[in-house]
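What follows is a single structure, written as structure tokens, with notes after it.
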Amino acid sequence: MSCSDILNSEYLARGVKRVDFHHVSVLLKESVDNLAIKPGGVYVDCTLGGAGHSREIVRRMGAAGTLVAIDQDPAAIGHARTLLTGLPGAIHIVHDNFQNLKKIMDGLQLTKADGILFDLGVSSHQLDMAERGFSYMQDAPLDMRMNSAAPVSAREIVNEWDEASLTEIIRDYGEERWAKRIAQFIVKARGQRPLETTGQLVEVIKQAIPAGARREGPHPAKRTFQAIRIAVNNELAILEQAFRDAADLLRSGGRLCVITFHSLEDRICKQTLQDLAKKCVCPPHIPICTCNKQQEIKIIGKPIVPSDAETGDNPRARSAKLRVAEKV
């Protein structure tokens with residue numbers, strides 16, 4: 001039984017019908033084109049998801065190539081084994097978090113890569129499958145774990161974290177102006193009974209945000225759900241080191257491609273790549289370089305955004321940005 005079958009059997013036990021893994025790969029052609037794939041190369045898809053990017057990489061690298069495909073979601077792993085098994089090339093499907101990229105590569109006895117891709121954020125499948133608890137549009141148990149075996153879910157954060165901690169993550173990870181008020185309303189509501197579902201949390205958030213503010217901008221729960229999801233999965237804290245590890249693993253001329261979906265992760269990506277691209281970090285008043293810093297990458301072009309046609313077909317692509325760098 002595959003990982004996806006195991007998950008679906010759990011959902012069936014709860015009376016939920018089977019939902020096959022589905023994910024629309026954003027900026028598919030642009031990202032794979034910018035990996036500059038050559039036959040026989042070694043490529044890493046750090047966020048396997050629905051395997052759309054991985055499948056295109058395999059198609060281009062040929063039978064002599066190697067793909068390492070990583071994901072922490074067991075459903076993604078199960079789906080990818082069905083989709084990628086039997087295709088030409090050496091294909092390694094790894095159930096892990098990309099923060100362990102160097103350890104994964106070492107375990108596979110691969111010292112360098114010719115291209116590494118990150119497609120950050122939550123997948124279409126995770127959003128669409130209500131039971132995962134990612135969506136504020138469907139009522140489901142509070143969960144939001146990308147790795148269903150992880151110890152902390154959204155339920156624990158919403159019901160156990162103190163008001164100050166809730167305020168901090170909603171403000172910092174959700175960039176929500178009503179963070180303090182939302183945290184106060186959550187604490188008050190859970191004092192009467194635990195918040196168990198996404199629907200209950202959405203209602204509390206709606207009560208916390210003034211009516212005038214609810215009428216403007218995106219869904220009133222969007223920013224708070226993003227914040228809790230980031231906290232559950234520790235998404236931002238691991239990014240900088242993961243990008244640095246990826247740059248270190250690239251061969252000279254190898255490409256690093258990163259697709260981001262919101263300003264917080266994009267800012268980390270931008271700043272990390274800019275730092276890796278610097279030739280010197282000495283203070284401006286020092287006439288001679290003493291830092292001995294070596295430029296590790298060069299940034300290729302400006303961020304690439306989806307076409308109007310892509311955002312028309314897939315509205316979730318609207319906020320995506322692709323940043324590309326090359327190892328020097």
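The values are calculated or read from the model by the stated rules, or taken from the named source; none is laboratory data. This is a predicted model, so every value here is computed, not measured. Please note: Cβ atoms are built from the backbone with ideal geometry, for glycine as well, and neighbour counts cover all protein chains shown. The area values use the complete protein model at the heavy-atom level, side chains included, leaving out ligands, DNA and RNA. Shrake-Rupley method; radii C 1.70, N 1.55, O 1.52, S 1.80 Å.
Values for this structure:
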| item | result |
| --- | --- |
| Filter result (open to solvent by 60 Å² or more (accessible area, probe 1.4 Å) and farther than 22 Å from Leu35 by Cβ) within region 288-308 | Ile288, Cys289, Thr290, Asn292, Gln294, Asp308 |
| Residue in region 239-246 that is at pLDDT 95 or above, farther than 24 Å from Gln126 by Cα, open to solvent by less than 60 Å² (accessible area, probe 1.4 Å) and more than 18 Å from the chain's Cα centre (by Cα) present | no |
| Test set (1) under 30 Å from Val44 (Cβ atoms); (2) of a type in the set (Val, Ile, Thr); (3) in a helix (DSSP H, G or I) - Val122 fails condition number | (3) |
| Hey, Gln226 farther than 30 Å from Val258 by Cβ, open to solvent by less than 70 Å² (accessible area, probe 1.4 Å), touching a helix residue (DSSP H, G or I) at 6+ places or on another chain (Cβ under 8 Å) and polar (S, T, N, Q) or not | no |
| Qualifying residues in region 252-273 (those that are out of contact with any strand residue (DSSP E or B) (no Cβ under 7 Å at 6 or more places or on another chain) and either loosely packed, with under 13 Cβ neighbours inside 10 Å or of a type in the set (Phe, Trp, Tyr) (or both)) - the one modelled with the highest pLDDT | Gln271 |
| Restricting region 189-221 to residues that are charged (D, E, K, R) and modelled with pLDDT of 95 or more, the residue that is farthest from Asn159 (Cα to Cα) | Lys206 |
| Filtered residues of region 168-195 (kept if of a type in the set (Asp, Glu) and in contact with a helix residue (DSSP H, G or I) (Cβ under 7 Å, 6 or more places away or on another chain)) | Glu175, Glu176 |
| Residue match in region 80-99 (condition: free of Cβ contacts under 8 Å to residues at least 24 places away in the same chain and farther than 24 Å from Asn233 by Cα) | yes |
| Hits in region 120-160 - residues which are open to solvent by less than 20 Å² (accessible area, probe 1.4 Å) and over 30 Å from Gly191 (Cβ atoms) | Leu120, Ser123, Ser124, His125, Gln126, Met129 |
| Answer from Ile186, Ile157 - the residue that is aliphatic (A, V, I, L, M) and either closer than 27 Å to Arg316 by Cα or modelled with pLDDT under 95 (or both) | Ile157 |
| Residue within region 174-190 that is open to solvent by 70 Å² or more (accessible area, probe 1.4 Å) and closer than 23 Å to Lys321 by Cα present | yes |
| Of residues in region 312-323 being under 19 Å from the mean Cα position of the chain (by Cα) and assigned to a helix (DSSP H, G or I), the one surrounded by the most Cβ atoms within 10 Å (Cβ to Cβ) | Ala317 |
